[in-house]
1. ARG70 to VAL40: extension gain in nm, 0.36 nm per residue of separation minus the Cα-Cα distance?
2. Excluding LEU24 itself, calculate the net charge of residues whose Cβ lies under 12 Å from the Cβ of LEU24, where each Lys or Arg counts +1 and each Asp or Glu counts -1.
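Nothing in this text is a laboratory measurement; each read-out follows from the coordinates by a stated rule. Worth saying up front: this structure is predicted, and the values here are computed from it rather than measured. Methodologically, a virtual Cβ is constructed for each residue, glycine included, from the backbone with ideal geometry; neighbour enumeration extends over all protein chains shown.
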Amino acid sequence: MACEKRLLNLIQQTLRHGRETGELERKTPADEAAEAIYRVIKRDANPVLLKYSLDEGEEASAQLVALVLRSPAP
């Protein structure tokens, strides 16, 4: 649980830095963007979680697609 919180915190810090420097878009709420990225990364960070997160697949995919489509616009 501590590793998961640390990973989410790192994602939030990276997003904040990217927005402050103008490298990332600012339209998407920060918590929504961090959650979408976290949902994708957490499965790679801990493959054991993959079988437990299969029911989140559609929602996570929709969040990630929306994030990617908005990201090019600063």
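1. Working: separation 30, 0.36 × 30 = 10.80 nm, distance 1.69 nm.
Full extension of this stretch gives 9.1 nm more.
2. Working: positive: ARG16, ARG19, ARG26, LYS27, ARG70; negative: GLU20, GLU23, GLU25.
That sum, taken over residues with Cβ under 12 Å, equals +2.
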